[in-house]
1. Restricting to segment 46-78, name every residue that is free of Cβ contacts under 8 Å to residues at least 40 places away in the same chain, part of a strand (DSSP E or B) and farther than 17 Å from residue 10 by Cα.
2. Quick check, is residue 97 in a helix (DSSP H, G or I), under 14 Å from the mean Cα position of the chain (by Cα) and modelled with pLDDT of 75 or more?
3. So in segment 25-45, with the set limited to residues that are surrounded by fewer than 14 Cβ atoms within 10 Å (Cβ to Cβ) and not in a helix (DSSP H, G or I), which one is modelled with the highest pLDDT?
């Protein structure tokens, strides 16, 4: 997305962003925030770091993502060991980024669910 563009690029811990308040014009997170232990807290930090007219572009897995995988892993583990533990992180709902407890939430311009299906696990459409 930013290929050939100048400027500083930084990979940071989403739970401890190293930026001053209202110092960023743009924050981009593509399929990384679903690993955050405290998603609302991470979103609060993003909001604080953005300038008033700043833009956040993000993509996260939604609540029903990978349902079949979660079910299959749970059944297989239960059959093999007699019990099962969570193997996939909990996913956000469409409201999670807006429910940022005490800080003003990020204004949401678009929240579009996208479904991808494949006839086989090794081939995508």
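The values are calculated or read from the model by the stated rules, or taken from the named source; none is laboratory data. Note that the structure is a prediction, hence the values are computed from the model and not measured. Note that we place each Cβ from the backbone using ideal geometry, even for glycine, and neighbour counts take in every protein chain shown.
1. 51, 52, 53, 54, 59 - these are the residues of segment 46-78 that are free of Cβ contacts under 8 Å to residues at least 40 places away in the same chain, part of a strand (DSSP E or B) and farther than 17 Å from residue 10 by Cα.
2. It is false that residue 97 is in a helix (DSSP H, G or I), under 14 Å from the mean Cα position of the chain (by Cα) and modelled with pLDDT of 75 or more.
3. Within segment 25-45, the first condition is being surrounded by fewer than 14 Cβ atoms within 10 Å (Cβ to Cβ), and the residues that meet it are 25-26, 28, 30-31, 35, 37-38.
After this cut, where a residue has to be not in a helix (DSSP H, G or I) as well, the list is 25-26, 28, 30-31, 37-38.
Working: 25: 91, 26: 88, 28: 85, 30: 83, 31: 80, 37: 79, 38: 81.
Among those residues, the one meeting the criterion is 25.
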